[in-house]
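The structure appears below as structure tokens.
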Amino acid sequence: MTKVFISYRRETASGEARALYNELTTRLDKESVVMDVDSFALGRDFRKQLQRVLESCDIMLVLIDKHWIDATNEEGKRRLDDDSDFVRQEVEAALGRDIVVTPTLLGGAKLPSVEMLPAKIKDLAFRGAFEISHNRWDSDVKEMLRRLDLVIGDRRDAATPSNERAGHNNQVDGSAPSASSSSAPVPTTTVTRQNDDERGRLGRADDTAQATSAANQIQTLIAEQKLNTVWDTLVSKFFKDRFGKSVFIANLSQGQVAMGGRPLSQQFVDVTYSSFDPQSGYKGDIYACRYLTKYPVGSFYQSVVVIKEPDGQYRLSGLFAAPAPTD
């Protein structure tokens, strides 16, 4: 059985990676798709564990978005120039084994040139790349899998009945560090995890990717305090009809001050889907993207909730947070 490794940066491509993982696991066994390096055993040498995993992998998909080449660490240095960067280590190990390494270009990103890459991974520039557009997600992914000879019967056809594998409800509530719950719109209170039937019928992989990409962009702009940009381009009409711009900006600004300043780190956790919110009566595509965010005062689970508007774009409908449990 072919084994696939998905290499990606969590800060910018986690939604696309999750959508691609979901698509691959409908065709391959879950054990044949590797995505999260944080599933490796704690206290063990990451490099050795990575090498062992890659020794059994036949294909690596390197997800490259527009921020991949220039991503920086907390010191402002480019991550790819750091020998300890996980993404660099993954690509370097795969190229060293000379397995199939496919640069997968997202959101209009271009394949980096040799001059843009560190010497140890410069050969990535010579690997055949494949571009996936959010607007053509389903068809592009199917074509890529066909070219990689991964077109296998869809395992969802043999899935157990939906009532035996239905997802459980998640409450998305609590006082938000960036917008108080009293100022956030309601169609974000309860979301239901997608089961396979729902994902195919209502929450398609391309929609999940677009929704998560929008949430990632919102999180980044809020952290950079570009609140006018968020309001002007990424806030839904549903939100604007209920809350003014001044309230929105004031709550976000006060929230970041209360958290001690900008986030120190942020990790994508998951995305959940709902088509109806019982409290507000809102009906439509609702995606809640959850992040584990570390602030100077502590860690929080934050949910950025986006809805699909009539023009097909995903925009903000709510922000919620709750303190993350401590060990």
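Structure above, values below:
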item	result
Magnitude of the charge dipole, region 4-155, Cβ model with Lys/Arg +1 and Asp/Glu -1, debye to 20	140
12 Å beta-carbon shell around residue 101, net charge (K/R +1, D/E -1)	-3
Mean separation of Cα contacts under 8 Å (6+ apart) over length of region 4-155, as relative contact order %	25
Per residue convex hull volume, Cα atoms of region 4-155, in Å³	112
Per-peptide average of other Cβ atoms within 10 Å, ordering 231-243, 102-114 highest first	102-114, 231-243
Residue 295 long-range amide H proximity, modeled H, under 5 Å	264, 300
Amide hydrogen neighbours beyond the local backbone of residue 101, cut-off 5 Å, H modeled	60
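Every read-out reported here was derived from the displayed coordinates using simple, explicitly stated rules and does not represent laboratory data. The model shown is predicted, which means the values in this text are computed figures rather than measured ones. Cβ sites come from the backbone with ideal geometry, for glycine too, and all protein chains shown count toward neighbours.
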